[in-house]
Amino acid sequence: MANEMDEIINEFIIEAEEILEKLDPLFVQLEQKGHDIEIVNEIFRGMHTLKGAAGFLGFQSIVDVAHKAETILKKIREGEFTLTSKITDAILKATDTIRILISQIKAKEETTEDISPVLNLLDNVLIEALKKKEDFEQEEKLPPVKPEEEPKPTKPEEVVTQIPKEKEVSTLRVDVERIDKVMDLAGEIVLARNRLLNLAHKLEAKYTGDDHIEGLVETVSFLDRVTSDLQLAVMRMRMQPLQKVFGKFPRMVRDLAKTLGKDVDLEIYGEDTEVDKSVIEHIGDPLVHIIRNSIDHGVEFPEERISKGKPPKGKIIINAYQKGTQIVIDVSDDGKGIDIEAVKAKAITKGLITLEEAEKMSEDSIINLIFLPGFSTKDISTELSGRGVGMDVVKSNVAKLNGYVEIFTEKDKGTTFRISLPLTLAIIQAMMVQVGEEIYAIPQSMIEETLRVYTKEIKEVVGQRVLTVREKVLPVFILNEILGVSSNLDSEKKYILVASVGERRFCISVDAVLGQEEIVIKTINGINSEECGIMGATITGDGKVVLILDLAIISRKIYAIK
Amino acid sequence: MFNYKIKVLVIDDFPTMRRIIKNLLKQIGFENIDEAENGEDALRKLHSSDYGLIVSDWNMPVMDGLQLLKAVRTDPKLKEIPFLMVTAEAEKEKVIEAIKSGVDNYIVKPFTGEVLKEKLEKIAQKKPSLKGGSHG
């Protein structure tokens, strides 16, 4: 029985956390929309559910806190008084307390959290609201519901007996470890499949017309398709909507703006976009940091905004969407934009760059200086965006997910931080290229097209090789030079990969393009991928270990040199 | 003392609660327990199989316990099924409304297996279908 009880408690913890996660954004919605009975109901139900289950499991502190919050919500629901920001604060405090209590249960600690302050707070808020209501009633009586709202049509009783259409929602909770194991095995199958494809093609070339070989090739190509499907299916299992991360932002923005004396609206789009579970787990911190930064440094104070002819209320927009094989998350504010001169000056005084370097740098590379460790435009990092860590954490965390961050900023118009992430982290489409004797893999997602051009088409303009591709002049970099590998081919034709990393487009010249392959990324321990521009290694169809190049890092390096 | 072979339907929108109630019912001795997450879901299940007892939460989204109770009591096929309503706190008006709508009994959260058993015994006095065989 003890085991059953443990299981029930574990289930309660998971589900209670889910409920709490859903509550925060509801409060913010409520504050924005005013008195919306549906939302009040939903919050009430959440508290009610928590209280009910906690009562059974003997978590009295949770019952007490949830009960007080529920009482207030019930009065609001019944229209006795309306929600004020003071009440919202008190109930938010209650959810925070419950969250702490649940985390203590989770850690199998005694629930020692002193709940009397929050209980008192809730009591006071209730008393005050009731008192206000009395005063108010003496003056005049107003309907609590906003008048412009359409009255909800009441459901006729017969509707109730109608049997809704069959829609079985069948979900299964599975341990992540098990899914990861399947993911791992699927990765191994991909490698074996690649190797089989390779062997089958060789055999086909050797024994053309042989019945067995034809059967083999047929079977292998079937396996090829099934493996791709399997891979996709496993990937799907790990996908979760970004809602899980975005859910906590409305509350955060609200609290933060309030503390700073700023007025900020948050709009979120694309929270249904699904990403890999590991992205969900690791993208939260960088986003929090960017949003904090936008509120703290981006959005101006109301007076300043008015003097600039902007609406006093600032706006932050989070937009997530899929773009090809990438997931893009934009965080935009309509604040003052990044002051390039200030960044430059700061970087020089901090000794991050020299005066000479600063003069040669493009605006883009100057803005990107804010990602350097130890950079912070405010002298005393505020408690909010500072916390002792800078934007470098954003960059390194995103880089861990094989993604990259870009900044678009315009004075007094605002700033957009764009995070681009690969759709899947484990298996990618890659272009296999040859440089000298070496073979490298380059993620397909960064390559727009491959060309074969005459060497003489590559021109040199002020020390920079360029190539005209579809009427656009693009810089050309020779991969051999970047990697320090000697080229054994000096033919009259060159293979060119047209790469696009964020807003940057450039050409990379290689000795040969060997073809496309699905590869499984295996991380290499003990190397600094930021230093060497290598994101990992893979085993190819013919059994060789091949390094995977990270064009994002390489492009940053070559542009910095330039 | 009960007919333990009957199918019981536990309705609550919160999975943990369903599990807790299911567990208590199992401890009493019931063997066949199904779950539904709201009134609508419950009605569908009630129509697709024969149930001998309904234990339903009150406050649920989509269709709450009272709506379910009314639907069950006005359905000729379902109206005899014993119905136990689970409420969070004893609210007089609400309970009266439930009794008027034909609830067999109500139970206030949180409750122990003992209390649940007592309530079911009271229901069994009125509804013999819930009672066990001759030696029960």
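The values are calculated or read from the model by the stated rules, or taken from the named source; none is laboratory data. What you see is a predicted model; the values in this text were computed from it and never measured. All Cβ positions, glycine included, derive from the backbone under ideal geometry; neighbour counts span all protein chains shown. Surface accessibility is based on the protein's heavy atoms, side chains included, excluding ligands, DNA and RNA. Shrake-Rupley method; radii C 1.70, N 1.55, O 1.52, S 1.80 Å.
Provide the net charge surrounding A:VAL405, with neighbours chosen by a C-beta distance below 10 Å and charges set as Lys +1, Arg +1, Asp -1, Glu -1.
On the way: positive: A:LYS395, A:ARG418; negative: A:GLU406.
With Lys, Arg at +1 and Asp, Glu at -1, the neighbours total +1.
Checking the Cα-Cα distances for A:LYS51/A:LYS262; A:LYS181/A:LYS400; A:LYS68/A:LYS262; A:LYS33/A:LYS313 against a 25 Å cut-off, the pairs over it are A:LYS51/A:LYS262; A:LYS68/A:LYS262. Between the helical axis of A:37-57 and the longest alpha-carbon principal axis of chain A there is an angle of about 90 degrees. Modelled spin-label separation between A:LYS206 and A:GLU357, with each label point placed 7 Å from Cα along the Cα-to-Cβ direction: 5.5 nm.
Normalised by the number of residues in the range A:427-561, the mean separation of alpha-carbon contacts (under 8 Å, six or more apart) gives a relative contact order of 29 percent. A simple spin-label model places the labels of A:GLU177 and A:LYS411 5.8 nm from each other, with each point 7 Å out along Cα-to-Cβ.
Net charge near A:GLU517: determine it from the other residues with C-beta under 13 Å of the C-beta of A:GLU517, scoring Lys and Arg +1 and Asp and Glu -1. Let's see the in-between values first.
Details: positive: A:ARG193, A:ARG195, A:LYS544; negative: A:ASP224, A:GLU518, A:ASP542.
Within the 13 Å Cβ shell, the charges total 0.
Packing-wise, with mean Cβ within 10 Å as the measure, how do A:288-299, A:43-54, B:75-86 rank, highest first? It would help to have the intermediate numbers written out before the result.
On the way: A:288-299: 23.3, A:43-54: 25.2, B:75-86: 17.8.
Highest-to-lowest ranking by the protection proxy: A:43-54, A:288-299, B:75-86.
Using only the Cα atoms of chain B, each taken as one equal point scatterer with no solvent, compute I(q) by the Debye sum, divide by I(0), and report log10 of the ratio at q = 0.12, 0.13, 0.17 Å⁻¹. Result of the Debye calculation: -0.40, -0.47, -0.85.
Here the range A:427-561 is treated with +1 on each Lys and Arg Cβ and -1 on each Asp and Glu Cβ, and its dipole about the Cα centre works out to around 360 debye. Straightening the chain between A:LEU232 and A:GLU267 buys 9.5 nm, computed as 0.36 nm per residue apart minus the Cα-Cα spacing.
Per-residue mean of other chain beta-carbon atoms within 10 angstrom of the beta-carbon, peptide A:53-61? Mind dumping the intermediate values first?
Working: counts 10, 3, 7, 11, 3, 1, 0, 0, 0.
Average neighbour count from other chains, rounded to a whole number: 4.
If I take every Cα pair under 8 Å that is 6 or more residues apart in the range A:2-147, average their sequence separation and divide by the length, what percent do I get for the relative contact order? Intermediate results must be reported in sequence, preceding the final value.
Values: 122 pairs, mean separation 38.5, N = 146.
Taking the mean separation of contacting Cα pairs over the length of the range A:2-147, I get 26 percent.
Please report, in debye to the nearest 20, how large the charge dipole of chain A is about its Cα centre when each Lys and Arg carries +1 at its beta carbon and each Asp and Glu carries -1 there.
Numbers: 73 positive and 97 negative charges, 246 e Å.
Charge dipole of chain A: 1180 debye, to the nearest 20.
Against chain A, whose longest principal axis is taken from its Cα atoms, helix A:2-33 shows a tilt of about 80°.
For chain A, the relative contact order comes to 10 percent (Cα pairs under 8 Å, sequence separation of at least 6).
Once you reduce the range A:169-203 and the range A:76-105 to the center of their Cα atoms, the two points are 46 Å from each other.
How crowded by other chains is A:101-109, given as the mean number of beta carbons from other chains within 10 Å of each beta carbon?
On the way: counts 0, 0, 0, 0, 0, 0, 0, 0, 0.
Rounded to a whole number, the mean comes out at 0.
Mean per-residue shielding of peptide A:476-483 is 0, counting Cβ atoms of other chains within 10 Å of each Cβ. Axis of helix A:340-349 versus longest Cα principal axis of chain A: the two differ by about 80°, to the nearest ten degrees.
Size descriptor for the range A:257-422, Kirkwood hydrodynamic radius: 16.6 Å (Cα pairs only, one decimal).
Rg and Dmax of the range A:2-147, both derived from C-alpha coordinates alone, stand at 16.3, 59 Å.
Between amide H atoms placed 1.01 Å from N, distances below 5 Å from A:ASP412 occur with A:GLY337, all of them 5 or more places distant or on a separate chain. Taking the charge dipole of the protein assembly as shown about its Cα centre, with +1 at Lys and Arg Cβ atoms and -1 at Asp and Glu Cβ atoms, the residue from A:LEU352, B:ALA42, A:SER396 reaching farthest to the positive side is B:ALA42. Mind checking which lysines have their C-alpha under 23 Å from A:LYS360, skipping anything on the same chain fewer than 8 residues away? Correct list for A:LYS360: A:LYS344, A:LYS346, A:LYS350, A:LYS411, A:LYS557, A:LYS562.
Show that you can apply the helix-only estimate: for chain B, add -39,500 (n - 2.57) for every DSSP H stretch of four or more residues, divide by all residues, and state [θ] at 222 nm to the nearest 500.
Details: 5 runs with 56 residues, N = 136.
So the calculated ellipticity at 222 nm is -12500 deg cm²/dmol.
Computed 3J(HN,Hα) for the range B:11-20, one whole-Hz value per residue from the Karplus formula 6.51 cos²θ - 1.76 cosθ + 1.60 where θ = phi - 60°, is 10, 7, 7, 9, x, 4, 5, 4, 5, 4, glycine and proline marked x. Only DSSP H runs of four or more residues enter the estimate; each adds -39500 (n - 2.57), and after division by the residues of chain A the mean residue ellipticity at 222 nm equals -15500 deg cm²/dmol.
In the structure displayed, which of B:LYS77/B:LYS126; A:LYS93/B:LYS109; B:LYS7/B:LYS119; A:LYS315/A:LYS336; A:LYS75/A:LYS106 lie more than 22 Å apart, Cα to Cα?
Beyond 22 Å between Cα atoms: A:LYS93/B:LYS109; A:LYS75/A:LYS106.
Based on the reciprocal of the average 1/r between different C-alpha atoms, the Kirkwood radius for the range A:427-561 equals 15.2 Å. With Cα atoms defining each centre, the range A:256-334 and the range A:1-24 are spaced 31 Å apart in the structure.
With the whole protein complex present, A:LEU203 retains an accessible surface near 60 Å², based on a 1.4 Å probe. Farthest towards the positive end of the charge dipole of the protein assembly as shown, among the residues A:VAL433, B:VAL115, A:LEU260, is the Cα of B:VAL115, using unit charges on the Cβ of Lys, Arg, Asp and Glu. Count Lys and Arg as plus one, Asp and Glu as minus one, and take only other residues whose Cβ is under 9 Å from that of A:THR227; the net charge is then -1. No solvent, one uniform scatterer per C-alpha: report log10 I(q)/I(0) for chain A via the Debye equation at q = 0.06, 0.07, 0.08, 0.11 1/Å, two decimals. Relative scattering, expressed as log10 I(q)/I(0), comes to -0.44, -0.58, -0.74, -1.17. Could you pull out which residues in the range A:325-350 have an amide N less than 20 Å from a spot 7 Å beyond the Cα of A:LEU260, following the Cα-Cβ vector? Counting only backbone N, you get A:330-344, A:346. Projecting each Cα onto the charge dipole of chain A (Lys/Arg +1, Asp/Glu -1 at the beta carbon, about the Cα centre), which of A:VAL28, A:ILE213, A:ASN198 comes out farthest on the positive side? Result: A:ASN198, furthest along the dipole toward the positive end.
Between A:LYS308 and B:GLU97, the simple label model (points 7 Å from Cα in the Cβ direction) yields a spacing of 5.2 nm.
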